[in-house]
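Single-structure report; data block below.
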Amino acid sequence: MAREKIAVIEDEADIREVMARNLRKEGFRVVECSDGAEAPALVRQESPDLVLLDLMLPGMDGMEVCRALKQDILTRAIPIIMVTAKGEESDIVAGLTMGADDYIPKPFGAKELLARIKTVLRRSPARDRAAEGGKILRDDLVVDPDKFSFTVGGKPVTLTPTEFRLVQMLAGSPGRVFTRDQLLNRVIGDSATVIDRNIDVHVRSLRKKIGGRKEYIETIRGIGYRFREEA
């Protein structure tokens with residue numbers, strides 16, 4: 001099974017290539033960008049699990065990119081690690097205040113980078129699940145991918161494969177907004193018969209099956225859906 005997707009936003013080609021190569025060796029999927037002005041659109045489109053963001057970028061500096069990502073409802077829940085040659089305390093404070101989850105000054109080793117990434121992913125809401133079995137726990141909702149089971153208040157709920165992938169994706173990233181296109185591509189797949197508001201039918205059916213917990217799945221008008229961050 002493919003591991004998490006990491007967006008590497010770095011304008012120095014040699015550094016970017018080394019970072020990307022080390023991440024792929026660890027099994028991560030990687031998307032790359034060298035221009036700050038293009039970074040927000042890339043992150044929106046690719047919906048990575050984590051962003052490695054250099055501060056000194058052409059087009060738009062890393063601070064502005066970070067601000068743009070944190071102000072966008074589609075990207076603000078994605079964790080960011082700032083990677084830069086600037087190691088002054090004021091720069092570190094500014095980056096963390098802007099919303100970055102961690103900060104690594106250059107130069108750094110591959111092991112340190114990987115350790116920081118794994119730490120941030122572990123504490124990310126998208127990775128907040130039980131240590132064993134890959135379970136996703138949200139109050140009294142439990143998604144167990146290994147057993148293909150979904151329970152609410154300890155009672156099993158029968159879901160279709162599409163509904164199961166849908167609740168797994170939403171509950172696995174509470175507070176994060178997914179567009180209908182993202183849900184179609186990642187939950188239904190390329191083989192789906194794509195019609196207008198296709199995903200809405202599955203959301204409606206899922207809400208009906210979970211009954212009194214249907215408010216956990218929130219509609220973001222004109223955009224898509226999210227799982228309520230605090231149930």
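Since every read-out is calculated from the coordinates, none of them should be taken as a lab result. Remember, predicted model here, so these are calculated numbers, not experimental data. Every residue, glycine as well, gets a Cβ built from its backbone with ideal geometry; the counts of neighbours run over all protein chains shown.
Here are some notes:
- Contour minus Cα-Cα distance for Gln71 and Ala37 (0.36 nm per residue): 10.7 nm
- In region 5-127, lysine pairs with alpha-carbon atoms under 22 angstrom apart (chain gap of 8 or more, or interchain): 12
- Evaluating 6.51 cos²θ - 1.76 cosθ + 1.60 at θ = phi - 60° for every residue in region 175-186, the Karplus couplings come out as x, 8, 8, 10, 6, 4, 5, 4, 5, 4, 5, 9 Hz, glycine and proline recorded as x.
- Shown here: region 136-227, whose C-alpha atoms stretch 35, 26, 21 Å along the first, second and third principal axes, sorted largest to smallest.
- q = 0.10, 0.12 Å⁻¹, region 5-127: log10 I(q)/I(0) [Debye, one scatterer per Cα]: -0.25, -0.36
- Largest first, the three principal axis extents of the alpha carbons in the chain are 52, 38, 32 Å in whole numbers.
- Straight-distance candidates among the lysines for linking to Lys214, with alpha-carbon spacing under 21 Å and chain neighbours fewer than 8 residues away dropped: Lys135, Lys155.
- Virtual spin-label span in nm between Thr219 and Arg21, 7 Å along Cα→Cβ: 5.1
- Most simply put, the chain has about 50% antiparallel DSSP beta bridges, counting only bridges with both residues inside it.
- Per-peptide average of other Cβ atoms within 10 Å, ordering 220-227, 61-68 highest first: 61-68, 220-227
- Think of it as helices only: each DSSP H run of n ≥ 4 in the chain is worth -39500 (n - 2.57), and spread over all residues that comes to -10500 deg cm²/dmol at 222 nm.
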